[in-house]
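The values are calculated or read from the model by the stated rules, or taken from the named source; none is laboratory data. Fair warning: this is a prediction, and the values are worked out from it, not measured in the lab. When we count neighbours, we look across all protein chains shown, and the Cβ atoms used for this are built from the backbone with ideal geometry, even at glycine. With ligands, DNA and RNA removed, areas are computed over all heavy atoms of the protein, side chains included. Shrake-Rupley method; radii C 1.70, N 1.55, O 1.52, S 1.80 Å.
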Amino acid sequence: MSFKKFCIALMCVSLIPGAFSCKKQAGETIKIGAIFSVTGPASFLGAPEAKTAEMMVEEINDKGGIDGKMLKLIVKDSAGDPAKAISFAKQLIEEDKVFAIIGPSTSGETMKIKAICEEGKTILVSCAAAEVIVNPVAKYVFKSPQKDSDAVQSIYNVMKKKGIKSIGIVSSNDGYGTAGKDQLEKLAKKNGIQILISEVYDKKATDLTGVLTKLKAKNVQAVINWSIVPAQSIIAKNMKQLNMDVPLFQSHGFGNIKYVKEAGEAAEGIIFPCGRLLIAEDLPENHPQKAVLMKYKKNYESEYGEDASTFGGHAYDSLMILVEGIKRGGADKEKARGAIENMKGFAGTGGIFNFSPADHNGLDINAFEMLTVKGGKFVKYEDK
Amino acid sequence: MSFEQLLQYLLSGVTNGSIYAIVAIGFNIIYNTTGIINFAQGEFLMLGGMTAISLSPYVPLPLAILIAVIITAMVGAVVDFLIIRRLKKPTVLNMVIVTIGLSIIIREIALHLWDEKVRSLPYFTGNEVTSINILGAYISPQVLWVLGVSAVIVIFLGVFFKFTLTGRSMRACASNITAARLCGINTRNMVTISFMLSAAIGALAGCVISPITQTQYDCGTSLAIKGFAVAILGGLGNSTGAIIGGITIGLLEAFSISVLPLAYKDAIAISILLIILFLRPSGLLGKKEAVELKEF
């Protein structure tokens, strides 16, 4: 045997254990893709979501994974750009061959990759809110945040009690804003509420006094703002600066204490529907969500030193629903999908999930609690 | 439309317009010395705002702003020393592309230095809910700060460029760099000074508008686009023109909102900008002869 051949033979031999160990590892890890807008205009959603997912995967792996199988999380930052979400989804499905995808953070992005996941037979548990994600139902697509229509109904219920009949709506020009605006307009008539004016602003808007002047001129009895962008704080400030003293309602996108801090004193009295995470401490001990919420909140806050938000909670729910599906159905895409679809009574941060083949969201209007801002903090809204 | 509403739209237009104007002024300074558009101008605003916000819990607000302005001016100087000076062929096109690259780099660095979160400086006077009643219309005191600071900057620049030796040397560089060099002006230093000055003014602008617009690592880009449009409308290089252009665009937007849906705001403003530029290519206050001499 020449020296050259010997070398080649040596290399081959040395590769064998590598090949074996690779194969062995592949059998023991489950790859989960995550598409979050960690940066960009929707970073308020994506950043806590990515942090939550990383924290939870670490926790699960520390406890020995799912039935001995380790999870591997592959996080992609889409910066809120649907085009990037599309290419990441393709990459995750075709190249990384992930078991499932959690995210994206925004509704616009989710709608763009819905068909891709469906074709790729890959489970998608979205962290975005718009109802169109699961209506019509796609076999492989689920979502964890509460429904827009339930949020709208919760707001209208409060309005009816307060005797508010004519309102003005402003929403952002992204997927979330558009979906919310549609629901607000659809449900208004049924609730006896008249929309005097409905305006759309740019998601990067920095001043909204112009459009608010228009609302003020129409003598609206209340303003509803539907967006997830920083304009949520700007609108509150601008209303006070224009001396508009009608109540401001926001969507469940307001569930981040940072928006309250940005709006400062102007945030006082904003009413919005939200999951129970923000008032976890005030829940009675026997509430089924209490334990989950308190644990998540404590872990997140001690790990990252910042306040937990409902958005991070959506990532918790998406991941844990998936994990529960794998636990029940095994590491098989079809079986896990079936297990998620039939999951009942799963307590997450967003509510108690009851999935069915016709309902890939699993939450109802009871998942919402009406909150308001008092003294710079979120508190439960009480009817006066 | 009642008088109060008319006034309210007017004030809303002035609020936005003054923000555009103060951004546009920054473009003009570098243009006046080098004949190029610095597309990283928006990032100077963001840097100024972010630095002041980071400092504001520890030092009084005026001091935080002052330090932020100085630090950003230093960044401007470093940018010139490290990159602009070292260009082998400093043609207009090369420099423009370099500034676009710079804007991306600064944005990414800011994302890593701070994070993706939105912040803002406290209101200089009053707080989020303070509003001043002017004949039945309402305005935040911060808007008056923006207007006041813009006015001070315009006056300062006017005096600086007309009456000081450095200012005049800087203008000479823009008209004809070879002739300026023959007259014994150190053109390289003038470019450095112009970068420092525009970074400093950008930083100051970034601080004053921060309570209104809020500051985020990527807020510079959208501000810069509007500011750039305004600078062109007012006549590149002309600071008074920038103010007039800014207020014009702001008012156009505000009154377009009053009759049309908000979504058309930018389309209306930009269409009118285009019409004005077809009729007056040099901008509102720009001199036709001067424009013909420029490369850009």
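Structural remarks
- Within chain B, helices built from complete DSSP H runs that reach 30 Å or longer along their own axis (Cα positions) and carry a mean Kyte-Doolittle hydropathy of 1.0 or higher are B:61-82, B:92-113, B:141-163, B:187-213, B:239-259.
- Using Cβ point charges alone (K and R +1, D and E -1), the dipole size of region A:157-296 about the Cα centre works out to roughly 420 debye.
- GNM result for chain B, Cα springs below 10 Å: residue of B:K88, B:K226, B:K265 fluctuating most strongly: B:K88
- The separation of region A:74-138 from region B:231-257, counted between C-alpha centres, amounts to 42 Å.
- Debye intensity ratio in log₁₀ form over the Cα atoms of chain A, taken at each q of 0.08, 0.13 Å⁻¹: -0.42, -1.01
- Burial here means at least 50 square angstrom less accessible surface with every protein chain in place than with the chain by itself, probed at 1.4 Å; in region B:83-130 the buried residues are B:E116, B:K117, B:V118, B:E128, B:V129.
- Buried between B and A is an accessible area of approximately 2900 Å², summed over both sides with a 1.4 Å probe.
- Taking a quarter of the surface of the Cα convex hull of region A:322-384 gives a mean projected area of 5.8 nm².
- When chain A is treated as a Gaussian network with alpha carbon springs shorter than 10 Å, the biggest mean-square fluctuation among A:L184, A:L363, A:L208 belongs to A:L208.
- Tilt relative to chain A, helix A:107-119 - C-alpha long axis, 0 to 90 degrees, to 10: 40
- Between the residues A:A347, A:F249, A:M294, the greatest Cα displacement towards the positive end of the dipole of region A:230-353, with unit charges on the Cβ of Lys, Arg, Asp and Glu, is found for A:A347.
- Inter-label distance, nm, simple model (7 Å from Cα along the C-beta direction), A:K190/B:I225: 3.7
- Calculated FRET efficiency for the pair B:H112/B:I275, C-beta based, R₀ 60 Å, to 0.05: 0.90
- Among B:V259, B:V230, B:V146, the largest mean-square fluctuation in a Gaussian network model of chain B, built with springs joining Cα atoms closer than 10 Å, belongs to B:V259.
- Mean residue ellipticity, 222 nm, helices only, chain A: the sum of -39500 (n - 2.57) across DSSP H runs of n ≥ 4, divided by residue count and rounded to 500, is -14000 deg cm²/dmol.
- Under-5 Å amide H pairs with A:Q250, H placed in peptide plane, nonlocal only: A:N225, A:I271, A:F272
- Calculated Rg and Dmax of region A:199-253 using C-alpha coordinates, Å: 10.3, 27
- Cα pair distances in the protein assembly as shown, grouped into 10 Å bins until the bin that holds the longest one, percent each: 3, 14, 23, 22, 17, 12, 6, 2, 0, 0, 0
- Calculated P(r) of region B:1-95 - Cα pairs past 19 Å, %: 58
- Residue list for region B:27-48, given a label point 7 angstrom along the Cα-to-Cβ vector of B:T91 and an amide N cut-off under 16 Å: B:36-37
- Among the listed pairs A:K90/A:K344; A:K72/A:K297; A:K216/B:K117; A:K181/A:K214; A:K69/A:K335, those beyond 20 Å (Cα-Cα): A:K90/A:K344; A:K72/A:K297; A:K216/B:K117
- Heavy-atom surface analysis with a 1.4 Å probe gives the protein assembly as shown a carbon and sulfur content of 62 percent of its accessible area.
- Region A:323-384 - percent relative contact order, Cα under 8 Å, separation 6 or more: 17
- Within region A:159-286, all pairs of alpha-carbon atoms sorted by distance into 5 Å bins from zero give the percentages 2, 11, 21, 24, 21, 13, 6, 2, 1, 0.
- B:A267 versus B:I100: modelled label distance in nm, points set 7 Å from Cα along the beta carbon direction: 2.6
- Charge dipole magnitude, Cβ of K and R +1, D and E -1 - region A:254-384, Cα centre, debye nearest 20: 320
- Positive-end extreme of charge dipole, region B:120-265 - chosen from B:L204, B:I193, B:N133 (charges on Cβ): B:I193
- Its residue count N fixes a reference of 2.2 N^0.38 Å for region A:56-104, and the Cα radius of gyration divided by that reference is 1.33.
- Residues within the reach of a label modelled at A:N157 (point 7 angstrom out along Cα to beta-carbon, backbone nitrogen below 18 Å), restricted to region A:351-366, are A:351-354, A:362-366.
- Here region A:147-207 and region A:281-331 have alpha carbon centers that stand 29 Å from each other.
- Shape class for region B:48-191: oblate, because the ratio a/c of the largest to smallest gyration tensor axis (alpha-carbon atoms, square roots of eigenvalues) is 1.5 or more and b/c is at least a/b.
- Inverting the pair-averaged 1/r between distinct Cα atoms of region A:104-155 gives 11.0 Å as its Kirkwood hydrodynamic radius.
- Couplings 3J(HN,Hα) of region A:307-316, computed from phi: 5, 6, 10, 5, 5, x, x, 4, 5, 4 Hz, in residue order, whole Hz [Karplus 6.51 cos²θ - 1.76 cosθ + 1.60, θ = phi - 60°; x for Gly and Pro].
- The share of alpha-carbon pairs in chain B lying farther apart than 29 Å comes to 34%.
- Mean Cα-pair separation over length for chain A, i.e. relative contact order, pairs under 8 Å, 6 or more apart, %: 16
- Max-minus-min Cα coordinates of region B:107-161 on each principal axis give 46, 39, 15 Å, with the largest extent listed first.
- In the assembled protein chains, A:T372 presents an accessible area of approximately 20 Å² (probe radius 1.4 Å).
- Going by accessible surface with a 1.4 Å probe and the largest first, B:V59, B:V152 read B:V152, B:V59.
- Here chain A is scanned for GluC sites (Glu not before Pro) in DSSP loops (not H, G, I, E, B) that have at most 15 other Cβ atoms within 10 Å, and the longest stretch holding none of them is A:1-284.
- Only Lys, Arg (+1) and Asp, Glu (-1) charged, at Cβ; chain A dipole about Cα centre in debye: 460
- The distance between label points at A:K165 and B:I134 comes to 3.7 nm (points 7 Å beyond Cα on the Cα→Cβ vector).
- When both bridge partners sit in the protein assembly as shown, DSSP labels roughly 35% of those beta bridges antiparallel.
- Percentage of interatomic Cα-Cα distances in region A:230-355 larger than 24 Å: 43
- Area of A:H314 that stays accessible when all protein chains are in place (1.4 Å probe, Å², to 10): 20
- A:Y304 exposes around 70 Å² of accessible area when a 1.4 Å probe is run over every protein chain in place.
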